[in-house]
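FYI, it's all coordinate maths here, none of it is from the lab. Given the structure is predicted, the values throughout are model-derived calculations rather than measurements. Cβ placement follows ideal geometry from the backbone for every residue including glycine, while neighbour counts extend to all protein chains displayed.
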Amino acid sequence: MLLGSWVASAALVVFTAVQRLSDNPPSGGTALAGQIGGLIALAACAAGFARTQWLLFRGITRSGFIYTLLGLGLLPAAWATPNAAPAFGLAAALAAFGRARAAIVWVWGAALFVALYRSGGRSSQVPVTNALAEIVVMAVIFATLTHFAVTLDRLERAREQLARHRIDQERERVNRDLHDIMGRTLVTAALRTQTMLRTLPDTQTDSPSLAQSHARRELLAVQDALRSGQEQVRALTASATLSDWHDEIEVARVLCDRVGIRFLIDPRVTPGPEHATTAGLVVRETVTFALAHSRAGFIEVTGTRQDDATIITIRHDGTAPLEQDQALPARVREALRRSDARATVIDDGAYRELRLELPDRREGTS
């Protein structure tokens, strides 16, 4: 959709240049300079609108740039060489701004165009109403193409998010089933172990044989193992359903490939086993944010060693406005707290960077 819009813009510039310089050649140096200046302004507006479309495609709105584009498009009317240049500024305002703001911009843009056209475009044989109608039609067409392109991209990313959500739901279902099956099995085994222990003589009050003493020790060890297994199953099913670091990286790579985001990772980046789940969760949430709130062109994962910690940096160019809670949702903050890790979000307007600091696990800590 965007490519078709760019081709149409280029064709409009070429057609206007051929028509003005070949079919209706200007007479006199001043008229020729005006025509060339108007064509340059038209080409600059077409290029600026393409840039605006790409920014909107990534979830970025540059109001100052759009106003500059609209002002540049109105200049040819004052040079007695009116053309379709204002259409690009009006289309950018219609695609980027809200309804009320776009309506105000359109009213002021149309009024300025009419005033400049009547004062500077006396030599034009096209009535001002016809010229304005052509500009409005082209602006609506370009704005509609831009809106369709952005909407289709959002739908594609939403489809990938829903697919990932369904995978998470299936994991949670398997998790619950596993908890029920393993929980019942372990409880049953623990009860039978306790029953068997009661049938054996006590080493403190009775005089069991060597075989009975050995069997009692083994059953006590089994009972401890069952109790530990119950605690592990309970902890596993109570925590967030996540794969390990390598699985999350592979899922992120495939997901980015599907929506056209370059995913770059330093192969030397590997967190320790005690932080693999936390690091995988941070990667998952960062990729999810880039899909849901912006249109990133790339996501880069790098890592370094600093003092007694591993530093993992996740950097991308999806710079849609966000709150701190969006960059670090509650589940991420809780995981960071449990693992004694720290995360910092840095946004310089062009790139967003999440710096994850994973301290080495010291002996004697858990």
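Quick notes on this one:
- Segments 94-100, 66-72, 112-118 sorted - mean Cβ within 10 Å per residue, highest first: 66-72, 112-118, 94-100
- Surrounding net charge for residue 351, when Lys and Arg each add one and Asp and Glu each subtract one, Cβ distance under 9 Å: -2
- Relative packing of peptides 135-143, 1-9 - highest average C-beta neighbours within 10 Å first: 135-143, 1-9
- Local electrostatic count at residue 265 - Lys and Arg +1, Asp and Glu -1, tallied over other residues with Cβ under 12 Å: 0
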